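> My structure is below; once you've seen it, I'll send some questions.
The values are calculated or read from the model by the stated rules, or taken from the named source; none is laboratory data. This is a predicted model, so every value here is computed, not measured. Cβ coordinates were reconstructed from backbone atoms using ideal geometry, including for glycine residues, and neighbour counts include every protein chain displayed.
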Amino acid sequence: MDALDLARWQFGVTTVYHFLFVPLTIGLGVFVAGLQTAWHRTGKEHYLRLTKFFGKLFLINFAMGVVTGIVQEFQFGMNWSEYSVFVGDVFGAPLALEALLAFFLESTFLGLWIFGWDRLPKRVHLATIWAAVIGSNLSAYFILAANAWMKHPVGYEVVDGRARMTDLWAVLTNPTATAQVPHVVAASFVVAGGFVLAVCGYHVLRERRDPDRTRPVRRGADMWRTPIRAALVMTAIAGAVVAVSGDTSAKLMYEQQPMKLAAAEGLRHDTAGAPFSPVPGVEIPMMLSLLSTNDPNAVVQGTEDLQKRFTQQFGPADYRPNMPVVFWSFRVMIVFGLATVGLAFLGLWLTRGRRKRNPRQVPSWLARAFLLALPLPTLAVVAGWLLSEIGRQPWTVQGELLTAASVSPGVGLGEVAVSLALFTALYGALALAEAVLIVRHVKSGPEPVAPARRPDAPSGVGGNTAADLQPTLMY
Amino acid sequence: MELTTFWFAVIAFLWTGYFVLEGFDFGVGLLAPALSRNEAERRQVLGTIGPVWDGNEVWLITAVGAMFAAFPAWYAGMLSSFYLPLTLVLAGLIVRGVGLEWRGKVHHASDRAWCDLGIMVGSGLPAFLWGAVFADLLHGDALAALVGGVFSLSVCALHGAVFVALKTTGAVRARARRTAMAVSAVAVPAAVIALSGIPSARTAVADWTAAPWLWVCALAATAALAAGVALVWRGREGWAFTATASCLALGGLALFGALWPAPMPNLTVTEAASGPYTLGVLTWIGLAALPFVLGYQAWSYWVFRRRLVAEPV
């Protein structure tokens, strides 16, 4: 165990932890903005209640995404100074743009949204949540463009041992990025859709079990039908985007990161018409070649043959990533991801029918299955990142810079150990606190609100003050 | 002006903006327990920064991101050499951000107390450490780092107290003014020592002719702080806040002036800089975006310009 190993653990822990919260920020933010838009257009009270209910869950989670994101930005310089010096010219640019163009938008307008309920005209207030969620989604684009460059560096030349950017447009339109951005952003919408389904499923089940407790607040499962249908649509559409962009990513991986593809499939030797095995022992003939090239007879390179070629090309070293982790994370990602999307399509079919004419109720077993829509896509996303980043090893920048050469030379084992221990303890405690807080808010359900102001009424008129409308979003 | 100089100025501007803006939210977070006697007052105090603290923190993210893009070797060298202090800064920013966001969403008074602790520690720690880190960067000396830390902690506290006085009414406003006076007993002497050390930090003998404008900045920063104290004493809170903000702005200017042209020992901006293509393209995008960013941030301050009253809990 040396500083390099601990630095890698720290990167993994921080990044995976950060990305537990980010998908909800990205997807749930848009969902809340959609609910508020529905309230704005219809004036119906239950949209407002749902906006506030999911809005509060969104904000509890948002805080964690922000604070762990700052660690992300610092850890490149702290733990990976050689990497930072090598790539800063190219990799730093999207990070700086992310802060300037996305984070300012997100944080400023979210502040306006949280505190602006009674101070802004309704239309302007609605615009603030949209501006904030545009900021969140834009930030995903920039950071994923930076990440894509590590897998497939473009638009640069190496001068005096440092990468120099020659074409920003090429970096921002890297095919790896344009496949990865929809993949990750859509996956975030699947996670958020699954979260909403789980929350709604819980309430539907509780109201059926104990109707008296909830009935005075709102009649039956009716209140939950809107968010359930909306989340099902969101999850289904996003799931289709995830699948298509994932297929594109696999084809790019065939060209750009053959070692990762081979490791993900456990393919040891170059094989024409390579089969795909969903689980070890079961093989679908020629499927891997078909998936990665559209040609069932194409040759897919294997890890051992690639190892020989890379040794010739880059010098002696082990160019194979951690095979079991890459192999299994690939399967967890696909199986759990597809299961969630399948659940969404099934749910859409089972709850079809127009609302007013005797709509089909959510069957209790389906509501129970919705509870799984919380962990499944989250695990799929974590597995996807493990595949993506562990599969890139031993490179930080594919073909240009090895991870072992990226670490900060002046930072000792003790320092990394202290900071890893501190952050891990802090992350653990905060994850527990966030879980408790979210569960409590989910259980207490949407609070009744004072009759909504007319959408066009000026603020402060009609007896609605900040305290009526927004009692718990304030400090 | 050549691009490396311009980008050094941009980074100085971003850091200085961060000191001025997050300076007062650090002060507010640090002093919140001292400025409020009950839950209603606590909400009144924290409500002054509620809508804006997160946007203020993005100045840090942008400053560090700009360093990464424009001067990778400076970014990497500084962050890896101040490893443990920055670990603590990050830990502080984590518990502070979470405390501020969660405070209004927890159900029990004991959970709120945890949030308050996070806000206080998470404000005080970075406020001290940023001063210490930059003083160490400039002087390379532990005692100077300590003085720098005491300076930034006390000036942030003063700046925050003046901000609370400016943004509240009633008992909290009066208490904030008294607290500002009390904090100034530490802040003003610390400022005199820390700021007067800046102009001659990188030279063997103190010679004001070597860098006259650094002396002007340092002296003006000290004078602005003293003026801020006098103005808050007179109840001119708007002007007092302008004065404490000017102190931090001029202090930032002096700091980065002294760091030019070698932000790290043995590293000049020219050696640290990215290529002309990167700097050029970022210049165009930055110049196009910055007016909008500054505009909507200013607008958010305008929306929340009213003084806050203590509302019954």
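Each row is one residue, and each column tells you yes or no for (1) within 14 Å of A:LYS56 (Cβ to Cβ); (2) at pLDDT 70 or above; (3) away from every other protein chain (no Cβ under 14 Å); (4) not in a helix (DSSP H, G or I).
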| site | (1), (2), (3), (4) |
| --- | --- |
| A:LEU426 | no, yes, no, no |
| A:VAL436 | no, yes, no, no |
| A:ARG440 | yes, yes, no, no |
| A:GLU447 | yes, yes, no, yes |
| A:VAL461 | no, no, yes, yes |
| A:ASN464 | no, no, yes, yes |
| A:ASP468 | no, no, no, no |
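> Let me ask another. For the condition at the interface with chain B (Cβ under 7 Å from one of its Cβ atoms) and either assigned to a helix (DSSP H, G or I) or under 20 Å from B:ILE94 (Cβ atoms) (or both), what is the one hit in A:PHE104, A:PHE58?
A:PHE104
Yes/no per residue for (1) outside any helix (DSSP H, G or I); (2) surrounded by fewer than 22 Cβ atoms within 10 Å (Cβ to Cβ); (3) among the hydrophobic types (A, V, I, L, M, F, W, C):
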position: B:TRP15; (1), (2), (3): no, no, yes
position: B:GLY23; (1), (2), (3): no, no, no
position: B:PHE26; (1), (2), (3): no, no, yes
position: B:ARG37; (1), (2), (3): yes, yes, no
position: B:GLN44; (1), (2), (3): no, no, no
position: B:GLY50; (1), (2), (3): yes, no, no
position: B:TRP59; (1), (2), (3): no, no, yes
position: B:GLY65; (1), (2), (3): no, no, no
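> Which members of region B:102-122 meet the condition of being in a helix (DSSP H, G or I) and hydrophobic (A, V, I, L, M, F, W, C)?
Within region B:102-122, the subset in a helix (DSSP H, G or I) is B:102-105, B:109-122.
B:TRP102, B:ALA109, B:ALA113, B:TRP114, B:CYS115, B:LEU117, B:ILE119, B:MET120, B:VAL121 - these are the residues of region B:102-122 that are in a helix (DSSP H, G or I) and hydrophobic (A, V, I, L, M, F, W, C).
> Now for a separate question. Test B:VAL58 against the criterion of being modelled with pLDDT of 95 or more and under 23 Å from B:PHE8 (Cβ atoms), and give yes or no.
So B:VAL58 fails the test.
> Can you name every residue in region A:251-310 that is under 20 Å from A:GLN180 (Cβ atoms) and free of Cβ contacts under 8 Å to residues at least 24 places away in the same chain? Let's see the steps before the verdict.
We begin by selecting, within region A:251-310, every residue under 20 Å from A:GLN180 (Cβ atoms); these are A:251-265, A:291-294.
Passing the criteria: only A:GLU255.
> Got a sec? Which of A:ALA131, A:ALA145, A:ALA96 is hydrophobic (A, V, I, L, M, F, W, C), at the interface with chain B (Cβ under 7 Å from one of its Cβ atoms) and in contact with a Leu (Cβ under 7 Å, 6 or more places away or on another chain)?
Criteria check complete, one pass: A:ALA96.
> Here's something else I'd like to know. Looking at region A:81-90, is at least one residue among the aliphatic types (A, V, I, L, M) and either away from chain B (no Cβ under 14 Å) or part of a loop (DSSP other than H, G, I, E, B) (or both)?
No, region A:81-90 contains no residue that is among the aliphatic types (A, V, I, L, M) and either away from chain B (no Cβ under 14 Å) or part of a loop (DSSP other than H, G, I, E, B) (or both).
> Pick from B:GLY104, B:GLY99, B:GLY124, B:GLY118: which is in contact with a helix residue (DSSP H, G or I) (Cβ under 9 Å, 6 or more places away or on another chain), within 8 Å of another protein chain (Cβ to nearest Cβ) and crowded, with 19+ Cβ neighbours inside 10 Å? Steps first, answer last, please.
Values: B:GLY99 fails: within 8 Å of another protein chain (Cβ to nearest Cβ); B:GLY124 fails: within 8 Å of another protein chain (Cβ to nearest Cβ); B:GLY118 fails: within 8 Å of another protein chain (Cβ to nearest Cβ).
Checking each option against the conditions leaves just B:GLY104.
> (1) modelled with pLDDT of 90 or more; (2) surrounded by fewer than 16 Cβ atoms within 10 Å (Cβ to Cβ): which one isn't true of A:ILE284, the others all being true?
Result: A:ILE284 passes all but (1).
> For residues in region B:256-300 being hydroxyl-bearing (Ser, Thr, Tyr) and surrounded by 15 or more Cβ atoms within 10 Å (Cβ to Cβ), which is nearest to A:PHE103 (Cα to Cα)?
Taking the candidates together, the pick is B:TYR296.
> Moving on. Out of everything in region A:147-185 that is in contact (Cβ under 8 Å) with a residue 12 or more places away in the chain and polar (S, T, N, Q), what residue ends up being surrounded by the fewest Cβ atoms within 10 Å (Cβ to Cβ)?
Across region A:147-185, the extreme among qualifying residues is A:ASN147.
> State whether one or more residues within region A:114-134 are of a type in the set (Val, Ile, Thr), assigned to a loop (DSSP other than H, G, I, E, B) and surrounded by fewer than 20 Cβ atoms within 10 Å (Cβ to Cβ).
no
> Test each condition in (1) over 30 Å from A:VAL407 (Cβ atoms); (2) more than 7 Å from every other protein chain (Cβ to nearest Cβ) for B:TRP7 and report the one that comes out false.
(1)
> Check B:VAL89 against each of (1) part of a helix (DSSP H, G or I); (2) more than 7 Å from chain A (Cβ to nearest Cβ); (3) surrounded by 24 or more Cβ atoms within 10 Å (Cβ to Cβ); (4) not basic (Lys, Arg) and name the one condition it does not meet.
Every condition holds for B:VAL89 apart from (3).
> Next question. Just to be sure, is B:LEU253 crowded, with 17+ Cβ neighbours inside 10 Å and within 13 Å of chain A (Cβ to nearest Cβ)?
Details: crowded, with 17+ Cβ neighbours inside 10 Å: yes; within 13 Å of chain A (Cβ to nearest Cβ): no.
Spelling it out, it is not the case that B:LEU253 is crowded, with 17+ Cβ neighbours inside 10 Å and within 13 Å of chain A (Cβ to nearest Cβ).
> Go through region B:302-313 and report how many residues are in a helix (DSSP H, G or I) and more than 10 Å from chain A (Cβ to nearest Cβ).
Number of matching residues: 1.
> With respect to the numbered conditions (1) within 17 Å of the chain's Cα centre (by Cα); (2) away from chain A (no Cβ under 11 Å), which one is the sole condition not fulfilled by B:ASN38?
(1)
> Residues of region A:150-183 being more than 13 Å from chain B (Cβ to nearest Cβ) and closer than 19 Å to A:LEU95 by Cβ, which ones?
Selection gives A:MET150, A:LYS151, A:HIS152, A:PRO153, A:VAL154, A:THR173, A:ASN174, A:THR176, A:ALA177, A:THR178, A:GLN180, A:VAL181.
Yes/no matrix, rows are residues, columns are (1) over 18 Å from B:LEU250 (Cβ atoms); (2) at pLDDT 95 or above; (3) surrounded by 24 or more Cβ atoms within 10 Å (Cβ to Cβ):
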{"position": "B:TRP130", "(1), (2), (3)": "no, yes, yes"}
{"position": "B:LEU138", "(1), (2), (3)": "no, no, no"}
{"position": "B:LEU143", "(1), (2), (3)": "yes, no, no"}
{"position": "B:GLY148", "(1), (2), (3)": "no, no, yes"}
{"position": "B:LYS167", "(1), (2), (3)": "yes, no, yes"}
{"position": "B:VAL172", "(1), (2), (3)": "yes, no, yes"}
{"position": "B:ARG178", "(1), (2), (3)": "yes, no, no"}
{"position": "B:VAL183", "(1), (2), (3)": "yes, no, yes"}
{"position": "B:ALA194", "(1), (2), (3)": "no, no, yes"}
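> Scan region A:314-331 and give yes if some residue there is surrounded by fewer than 17 Cβ atoms within 10 Å (Cβ to Cβ), over 31 Å from the mean Cα position of the chain (by Cα) and in a helix (DSSP H, G or I), otherwise no.
yes
> Let me ask something else. Look through region A:396-414, keep the residues that are within 30 Å of the chain's Cα centre (by Cα) and not aliphatic (A, V, I, L, M), and return whichever of them is surrounded by the most Cβ atoms within 10 Å (Cβ to Cβ).
Among those residues, the one meeting the criterion is A:SER408.
> Still on this structure, please answer the following. Might you let me know whether region B:206-214 holds any residue that is at pLDDT below 90 and β-branched (Val, Ile, Thr)?
Among the residues of region B:206-214, at least one is at pLDDT below 90 and β-branched (Val, Ile, Thr), which makes the answer yes.
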